[in-house]
Every structure is written in structure tokens, then in C-alpha cells.
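Below is one structure, written out as C-alpha cells; the observations come after it.
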Amino acid sequence: MADVIRAYLEQQKYLIIDGALGTELERRGCNLDDPLWSARLLADNPDMIAAVHADYLHAGADCLITASYQASFQGLARQGYTPEQSQKLIRSAVTLAKTVVDAFWADQANRINRLKPLVAASIGPYGAFMADRSEYTGNYGISEDALVEFHEERLKTLVSAGPDLLACETLPCFAEARALVRILEDLESDLDMIPAWFSFSARDGQHINSGEAVRDCAQWLNDKPCVTAMGINCTDPVHVASLVKEIRSVTDKPVVVYPNKGEVYDNLTKSWAPKPGLPSFAEMASQWKKYGARLIGGCCHTRPDDIRQLAQALKS
């Protein structure tokens, strides 16, 4: 198994991940009020997804995360897709991102002082399929075996599309991470198997959303060869520095962080606004770097401009 993350980090200090996809698509006028969320646009408007991908590359992102977060066989079946149609749609998320990267890389001007960007296939949590906010608690009420069954076919389908790595992201509970590792370990005999990063969503500076200690999760993942990096995403950025320190205390594997922008909803203006006194996203990223994060990007409400500023701050 080629560790593309370590290979990347041997040549540059940091790997910059892209920013939000769903909230950026909404900002550009897309209606994502749908059980499939941004994955619906894989069928209805893939060009819009491609445009967002391209903007993040031009902003300095070294890695695109695919639009497959909400795309599961079970969720697509619920919307009337056949297994064959579901497989095609899920694979298209990877193909689309790879096509955008290839087009970007074909321009020699985009190759100056950078490596070819990577594509990480997104594997969102079971709670995203349930759409009952359980992705924010991890209280699924199903067994680890059932989680294996839920994720297995989608994971294998994404791998077959040829991404550079997997992003097992926004995991709210330890059981879901264990289930995904079991699937990856079953695939270890495949010489073409790709590495994966695991990122949890967290409730505070020490605990993931289920209440389990992030340190315990990281310590267990540290011993798994299929896990090439671990960290935090879709979390209030004020907690990230503490979470990075917790993770770094038990592993030497690269730490990945791509939290939310830290905005709050204003009921008067019906819009999102920065928390009063919160540093800029780039300033916070410099702190995450200080504590040991090596893969850094943004989640909900971050935009290409945030990634551009983040990239400039990390390279300075």
C-alpha cells in the first residue's frame, strides 16, 4: 500500500485540503434540500460540483474531497435508484474530481511550486443517511456489524473508481471507525488498496460527538496500517487546538483537521456570521500547525477564499 500522504509530506511541510462543498454549492444558488444533499448534483448538475472543485484547486488546495459524502447504496435506493445506477453515481464522484485535477494539471502554469493535487473519496457517516441528526451524536442504535454492512459496498465501489485515498470523515462514534477499519483490513490482500484518513466530529476539546475520548480513538487507530492519518472535521474550530494535542499525544501519524468556519446563525438577518472575537480561519490554522496538524483544510461554510488565505499562511 503506497502511503501517498507521507510521500506528499516528505516533499512539502503541509497538505492543504479543500473547503466546504455543500454550503458552497448552496451559496452559489443550488437547492440542496434533498435527502441526497450535494450528491444529488452528481446526477443533476455535475458541472457545478466541478466548478467548486476547480476553484479550490486555484485557491491552493492540494487535495479535493469528492461529492460522495451523502451517496450510499441504501440512500440512493430510497430515492429510486437501482444498484447499477447507484454504483455509477458513486463512482462518478471520484471520476469527476479526477477529471478536474487532470484539467488543472494540464496547464503548466498550475504546476509551479506544487505537486499534483490528490483526490480523496469521501465516506460520510451512517447518520448522514439517517438524516435524523444522529451524525451529531453517534447514537445510532445499531451494531458494529450493521455498520460494516452499511459501508462495505460503497467503500469498495469508491476504491474501484481509483481515488488517491479515502476520507472516512465526520465520524461521530468509535464504533463507526472500527467498522470501517474492518472493511479496509478485509481488503488488505488487494495490492492496489489505497490508504485512508479517519476524521471524527467532536463536541469539545477532548471528546468526539458520542462522548468517547478522542485520545482513545486515536490510540487504537495508531496500530492500524490501513489508517495513514487521523484527526477532526466538521467541528467548532475553537476546539481544534486541544483535539490536535490529544491526538498527537498517542500517535506519530499525520494529523488531519478541517473544521467548520466557526460561524453562528443570526435569526434576525437569517444568515451566518462569524463568532465575535474569533480569529480568522488562517490565523487559527497557524495555531493548529503549531500543535502538529499536517493536513489542514475547511468544512462547513469555508470558501475558496478561506483556503487561499490558509494556504498563504501555511506557506509563509
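The values are calculated or read from the model by the stated rules, or taken from the named source; none is laboratory data. This structure is a prediction, so every number in the text was calculated from the model and none was measured. In this analysis, Cβ positions are derived from the backbone assuming ideal geometry, glycine residues included, and neighbour counts consider all displayed protein chains.
Summary table below
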quantity: Residue count, the stretch 111-127 (criterion: within 19 Å of the chain's Cα centre (by Cα), surrounded by fewer than 23 Cβ atoms within 10 Å (Cβ to Cβ) and not in a loop (DSSP other than H, G, I, E, B)); calculated: 1
quantity: Whichever residue in the stretch 12-44 is outside any loop (DSSP other than H, G, I, E, B) and without any contact (Cβ under 8 Å) to a residue 40 or more places away in the chain and, among such residues, is nearest to residue 74 (Cα to Cα); calculated: 40
quantity: Lone qualifier among 107, 132, 164 - being crowded, with 22+ Cβ neighbours inside 10 Å and charged (D, E, K, R); calculated: 164
quantity: Members of the stretch 87-110 found to be assigned to a helix (DSSP H, G or I) and free of Cβ contacts under 8 Å to residues at least 40 places away in the same chain, listed by number; calculated: 88, 102, 105, 106, 108, 109
quantity: Every residue from the stretch 1-11 that is among the hydrophobic types (A, V, I, L, M, F, W, C), in contact (Cβ under 8 Å) with a residue 24 or more places away in the chain and not in a loop (DSSP other than H, G, I, E, B); calculated: 4, 5, 9
quantity: Among the candidates 39, 61, residue that is at pLDDT below 95 and either of a type in the set (A, V, I, L, M, F, W, C) or more than 15 Å from the chain's Cα centre (by Cα) (or both); calculated: 39
quantity: Condition check for residue 215: within 23 Å of residue 128 (Cβ to Cβ), part of a helix (DSSP H, G or I) and at pLDDT 95 or above; calculated: no
quantity: Qualifying residue in the stretch 218-226 (condition: touching a Lys or Arg at 6+ places or on another chain (Cβ under 7 Å) and surrounded by 15 or more Cβ atoms within 10 Å (Cβ to Cβ)); calculated: no
quantity: The one condition in (1) within 18 Å of residue 172 (Cβ to Cβ); (2) not in a loop (DSSP other than H, G, I, E, B) that residue 229 fails to fulfil; calculated: (1)
